[in-house]
Amino acid sequence: MAQRIGIDVGGTNVKIALVSDKGKIIYSNSIPTRAEMGYEYTINSMKDAIRDLLKETKMKASDIEGIGFGFPGQIDCKKGVVRLAPNIPGWVNVPIASIMEKEFGIPTRVDNDVRTAALGELNYGAGVGCENLVCITVGTGIGSGLVINGKLVRGADNAAGEIGHIKLNMQGGPLCGCGDRGCLEAYASGPSIVAMAEEYIRGGKSTKFREMANGNPITPYIVCEAAKAGDPVAQRIFNIMGEYIGIGMASVVNLLNPERIIVGGGVADAGDLLLNPLKETLHKRAMKIAGSAVEVVPAQLGNTAGVIGASLLIES
Ligand SMILES: [Zn+2]
């Protein structure tokens, strides 16, 4: 049975797994990223973690078909280089694939982490059976992995899928992390939930999340818990988030005509609080044929989508 290693690199932790060719996780481990120590430190910890994996599963490097990395940032997939990872300082033009191939002699691939999550969901999660799907991750920003005709879409320079930067406002709007204004993720993501909640508090609105935060900074999680506990202001915030994302997705659906939109990421843990207004707006605003063909579903693999998807890079 062919087995591969999938590695999901995040700003805080690196998840490492041995994954079977049926998408089953046979072994998994997590190590701290410690980006502040420099990228060489993280690379050495990852090498140690791969050696531990081989030792503990009693496998030799020659038994492993491939290693795949999912990285939060801009990747050159052809060369296997991490160009820039904004949340992991120090990772600029790091040739991670050749470094690992030299160390272990195992073919290694790298891609963006939202794309690896899409690959995981497509093969073993909420996207099974789909030919055309959009897998969005709503968290600090909004990213996506696109699958068209069963294949991941990377674009001319590996930059496809930036759904968070669909423009919703021609006149300006809130400033986005990309430097432009009026992008979808500047209206609807974790930080905008917090900004909206703080605005309600400043306006003197009495809310459950204000009590729940108890003087501590408001987080999307607190607003979500307040909404689940029936707080109307918190529910309104998620409604507005869902509407914005629904409007953005209407454009995506008109453009690509996918069968399914899979919604994952930290903010998506709010479930129907986010998905119901999203679906309603999408179906109201998308064109009829494409709008009727699409189904909006929650992601299924949770935080294992990254390692499972990364393990599949070797064949995609
Ligand atoms: Zn933007």
### Message
If I ask for residues that are within 26 Å of TYR124 (Cα to Cα), free of Cβ contacts under 8 Å to residues at least 12 places away in the same chain and in a loop (DSSP other than H, G, I, E, B), which ones from the range 23-57 would you list?
### Response
LYS24
### Message
Here is a check on your reading of the model: is ILE218 surrounded by 19 or more Cβ atoms within 10 Å (Cβ to Cβ), part of a loop (DSSP other than H, G, I, E, B) and in contact with a Lys or Arg (Cβ under 9 Å, 6 or more places away or on another chain)?
### Response
yes
### Task
Name the one entry in VAL81, VAL114 that is in contact (Cβ under 8 Å) with a residue 12 or more places away in the chain and more than 20 Å from ALA305 (Cα to Cα).
VAL81
### Query
Would you call ILE142 open to solvent by less than 30 Å² (accessible area, probe 1.4 Å), on the phi < 0 side of the Ramachandran plot and near the ligand (Cβ under 10 Å from one of its atoms)?
yes
### Residue count, the range 147-191 (criterion: buried (at least 16 other Cβ atoms within 10 Å of the Cβ), more than 11 Å from the ligand (Cβ to nearest atom) and closer than 16 Å to ILE247 by Cβ)
1
### Summary
So the strands (runs of 3 or more DSSP E) completely within the range 61-108 holding 3 or more residues that are out of contact with any Phe, Trp or Tyr (no Cβ under 9 Å at 6 or more places or on another chain) and not acidic (Asp, Glu) are 64-71
### Message
Looking at GLY242, GLY291, GLY309, can you tell me which residue is open to solvent by less than 50 Å² (accessible area, probe 1.4 Å), under 20 Å from LYS15 (Cβ atoms) and either assigned to a strand (DSSP E or B) or in contact with a helix residue (DSSP H, G or I) (Cβ under 6 Å, 6 or more places away or on another chain) (or both)?
### Response
GLY309
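The values are calculated or read from the model by the stated rules, or taken from the named source; none is laboratory data. Fair warning: this is a prediction, and the values are worked out from it, not measured in the lab. With ideal geometry, Cβ positions are generated from the backbone for all residues, glycine too; neighbour counts draw on all protein chains shown. Note: areas computed on protein heavy atoms with side chains; ligands, DNA, RNA excluded. Shrake-Rupley method; radii C 1.70, N 1.55, O 1.52, S 1.80 Å.
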